[in-house]
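The values are calculated or read from the model by the stated rules, or taken from the named source; none is laboratory data. Since the model is a prediction, treat every value here as computed from it, not as a measurement. Don't worry about glycine lacking a Cβ; one is built from the backbone with ideal geometry, like all the others, and counts go over all protein chains shown. For the accessible areas, the whole protein counts, side chains as well, though only heavy atoms, and no ligand, DNA or RNA atoms are used. Shrake-Rupley method; radii C 1.70, N 1.55, O 1.52, S 1.80 Å.
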Amino acid sequence: VQLQASGGGLVQAGGSLGLSCAASGRTFSSYAMGWFRQAPGKEREFVSTITRSGLSTYYADSVKGRFTISRDNAKNTVYLQMNSLKPEDTAVYYCAAHSKLARVVDASEYGYWGQGTQVTVSS
């Protein structure tokens, strides 16, 4: 599966942004999806993941209550709605896919990655 993330940009602290990740192919619903982010000089970190059906989601503590992951299997797209953004949310955001059955938060377990989209939150 090929992934293309979009929707990043510059926003003031407290604002909102919505990211999208479009997948190619007809097997999108076979993959659980995740969002990760990487700030300059830091390791890539887990943000959120969603199951194949979209019925179950999981978030990093740092974004819980502010970010919402969702997917539309008919449109082969996963979304990340980010509200109440903070300067520390500034990073390149990546979408990723894996085909394991269990919930996965380790980036190394994801086999497919999008190219990343920059999110900058100004204070």
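Quick check: at a probe of 1.4 Å, how many percent of the accessible area of the chain sits on carbon and sulfur atoms? Numbers along the way, then the final one.
Values: 2990 of 6340 Å².
Carbon-and-sulfur percentage of accessible area, whole number: 47.
At 7 Å along Cα-to-Cβ for each site, give me the label-to-label distance between GLU45 and ARG66 in nm.
The modelled label-to-label distance comes out at 1.0 nm.
Each residue of the stretch 6-16 in order: what ³J(HN,Hα) in whole Hz does its phi give by Karplus 6.51 cos²θ - 1.76 cosθ + 1.60, θ = phi - 60°, with x for Gly and Pro?
In residue order, the calculated couplings are 8, x, x, x, 10, 9, 7, 4, x, x, 10 Hz.
Read phi for every residue in the stretch 55-64 and hand back ³J(HN,Hα) as whole Hz from Karplus 6.51 cos²θ - 1.76 cosθ + 1.60, θ = phi - 60°, with x for Gly and Pro.
7, 10, 10, 8, 10, 5, 4, 5, 10, 4
Amide H neighbours of LEU19 under 5 Å, counting only residues 5+ apart in sequence or on other chains, H built in-plane at 1.01 Å?
Residues meeting the amide H criterion: LEU80, GLN81, MET82.
Skip the ligands, DNA and RNA, and give the accessible area per residue of the chain with a 1.4 Å probe, whole Å². Can you show the working numbers first?
Values: 6340 Å² over 123 residues.
Ligands and nucleic acids excluded, the result is 52 Å² per residue.
Across 5 Å bins from 0, what is the distribution of all Cα-Cα pair distances for the chain, in whole percents?
Calculated P(r), rounded to whole percents: 2, 13, 24, 27, 20, 10, 4, 1, 0.
Which ³J(HN,Hα) values in Hz, rounded to whole numbers, follow from the phi angles of the stretch 65-81 under the Karplus curve 6.51 cos²θ - 1.76 cosθ + 1.60, where θ = phi - 60° and Gly and Pro get x?
Listing the rounded values in order: x, 10, 10, 9, 9, 8, 8, 10, 5, 5, 9, 6, 9, 10, 10, 9, 8 Hz.
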